[in-house]
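The values are calculated or read from the model by the stated rules, or taken from the named source; none is laboratory data. Quick caveat: nothing in here was measured; it's all calculated off a predicted structure. Glycine also receives a Cβ, built like all others from the backbone with ideal geometry; neighbour counts cover every protein chain displayed.
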Amino acid sequence: MKYISTRNNSKEFSFEEVFIKGLADDGGLFIPKSLKKYSEEELKTLSTLNYQDLAKKIIFPFIGDFMTANELSDIVDKSYSVFRKDNVVDLIKLGDTKILELFHGPTLAFKDIAMQLLGNFYEHYLKKNNKNINVVVATSGDTGAAAIDAIKGKKNMNIFVLHPHEKVSLVQRKLMSTVKDKNVFNIAIEGNFDDCQNLVKSMFADKEFSNSINMSGVNSINWARIIAQAVYYFYTYFQIQDKRPINFSVPTGNFGDVYAGYLSKKMGLPINKFIVATNKNDILHRAISNGNYEAESVSETNSPSMDIQIASNFERLIYDLNDCDDNETRTIMHGIKENGKYIISKDKMEKINKDFLSASMSENEILDTIKEVHIKYDIILDPHSAIGFGSLNKVNLEGNNIVLATAHPCKFPEAIDKSIGIKPDLPDELKYVIGEKENYDIISNNLSKTQQYIKEKI
């Protein structure tokens, strides 16, 4: 399979290039030049597989000559051996709604499902090519911990994680800052997540710098993450026994997780609708409900992983909406960068609403949802998962409704305590992090200072 950029579809790339680069040199995002679409018969065959074997089947067509099918099989088995559930995820029932628990990996967030795989992809690549690499990643809380766990202790690579200073939960920070491996560096940026993300994008755009450190990225724009996340949409669909339409409500900040679902639909999975569920930082809700994709100031909330106003993966959808026109996509993205907004036309809104609906939740609504679910079902949802649950109720769709539970509630004890007066405990194997000494450096929101820091640590 060959890949192109959303901003230049004349040049082709291999999966290896796409994986290592993360972001195209022209600032665009990588997408496949063509896509395998599964027939009804092929889907029926896939439906009999366990999670690991399904992942091998779904992922292999995307990675081409990066590795053999046997090598991929070994890596998938290794990656998912560290999860608490045999089938990686767990689908539970809450009344008429189903909850897809994606937080049974080592850092208690859905990011582990893709990141464990990526860590082992890097190991394979570095061994094959005898190279060194420096991964630089921005995080709103969960991506950083997942990336660190996947990369810590691995030879010939370092990881630098930028998180917004004092804007992630204590548990989120501790899962990053208490890791002692010498190839792990935590940076607290004096700003918000969008500032962290802009710094990483600027470092990629600075070719002299990025080439000099052999820089790579694992943020949600990395195509390897998208294909890994698409697997659990297939798996979940196969668990549903009745024939009613299937809808997924996805807590969304950067549009990566819900885009993975959209990808699975483009590959032939008969999903009805995706609900893009946001907190008060609702740029995606405004875009999908009324065509106003306009960045506003970021508000701090009880769901910090979604405190984002620049949804990077949305560019992939913009490319589709514009009939795969790279020139039009490039113009729109430059306009967003210059003016901070994109007004979506009526005809393109009709295209969006064939696949997507949206809703946003206020802080009080989120806390009320956590409380209501706890009283009714004796289950504690983290604030992000509560947004997915509450948003589903707002759009009122018939059929099989599935909410993605993206993080363990113990990562957000303050919000849970505020809602129901309980602070959920970490799993026993992770309780030690609370008492561990932290190690991170605070840097101002400044590109040259951040680059200098990274150069000094390599």
Pull up region 182-225, narrow it to residues that are touching a His at 6+ places or on another chain (Cβ under 9 Å) and under 20 Å from Asn313 (Cα atoms), then point me to the one that is surrounded by the fewest Cβ atoms within 10 Å (Cβ to Cβ). Cys196
Taking the stated definitions as given, is Lys36 more than 23 Å from the chain's Cα centre (by Cα), of a type in the set (Lys, Arg) and more than 15 Å from Tyr237 (Cα to Cα)? no
Of the numbered conditions (1) assigned to a loop (DSSP other than H, G, I, E, B); (2) touching a residue at least 60 places away in the same chain (Cβ under 8 Å); (3) of a type in the set (D, E, K, R); (4) out of contact with any strand residue (DSSP E or B) (no Cβ under 6 Å at 6 or more places or on another chain), Glu315 satisfies every one except a single condition; which is it? (1)
Which helices (runs of 4 or more DSSP H) does region 1-120 wholly contain that include 3 or more residues that are over 30 Å from Glu328 (Cα atoms) and in contact with a Lys or Arg (Cβ under 8 Å, 6 or more places away or on another chain)? 69-80
The one condition Leu49 fails out of (1) of a type outside the set (D, E, K, R); (2) under 18 Å from Gly268 (Cβ atoms); (3) surrounded by 19 or more Cβ atoms within 10 Å (Cβ to Cβ) is (3)
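Listed here are the residues, each with its yes/no results for (1) modelled with pLDDT of 95 or more; (2) within 17 Å of Ile275 (Cβ to Cβ).
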site	(1), (2)
Asp355	yes, yes
His374	yes, no
Glu398	no, yes
Asn401	yes, yes
Lys411	no, no
Any pair with Cβ under 8 angstrom, 6 or more apart, that starts in region 164-181 at a residue that is touching a residue at least 24 places away in the same chain (Cβ under 8 Å) and crowded, with 22+ Cβ neighbours inside 10 Å and ends at one that is small (Gly, Ala, Ser) and assigned to a strand (DSSP E or B): Pro164/Ala188
Say whether the condition of being basic (Lys, Arg), closer than 17 Å to Lys93 by Cβ and more than 22 Å from the chain's Cα centre (by Cα) is met by at least one residue in region 368-379. yes
Report the residue count in region 89-114 for those that are hydroxyl-bearing (Ser, Thr, Tyr) and farther than 25 Å from Gly144 by Cβ. 1
Test of understanding: among Pro304, Pro245, which residue is surrounded by fewer than 17 Cβ atoms within 10 Å (Cβ to Cβ) and closer than 26 Å to Ile227 by Cα? Pro245
For region 283-302, give me the residue count where each residue is touching a Leu at 6+ places or on another chain (Cβ under 9 Å) and either in a loop (DSSP other than H, G, I, E, B) or not aliphatic (A, V, I, L, M) (or both). 3
Extreme residue, surrounded by the most Cβ atoms within 10 Å (Cβ to Cβ), among residues of region 147-163 that are out of contact with any helix residue (DSSP H, G or I) (no Cβ under 6 Å at 6 or more places or on another chain) and assigned to a loop (DSSP other than H, G, I, E, B): Lys152
Looking at region 434-445, is at least one residue under 23 Å from Gly253 (Cβ atoms), touching a residue at least 40 places away in the same chain (Cβ under 8 Å) and not β-branched (Val, Ile, Thr)? yes
Inside region 335-354, the number of residues satisfying the requirement of being loosely packed, with under 14 Cβ neighbours inside 10 Å, part of a helix (DSSP H, G or I) and either touching a residue at least 40 places away in the same chain (Cβ under 8 Å) or among the polar types (S, T, N, Q) (or both) is 3
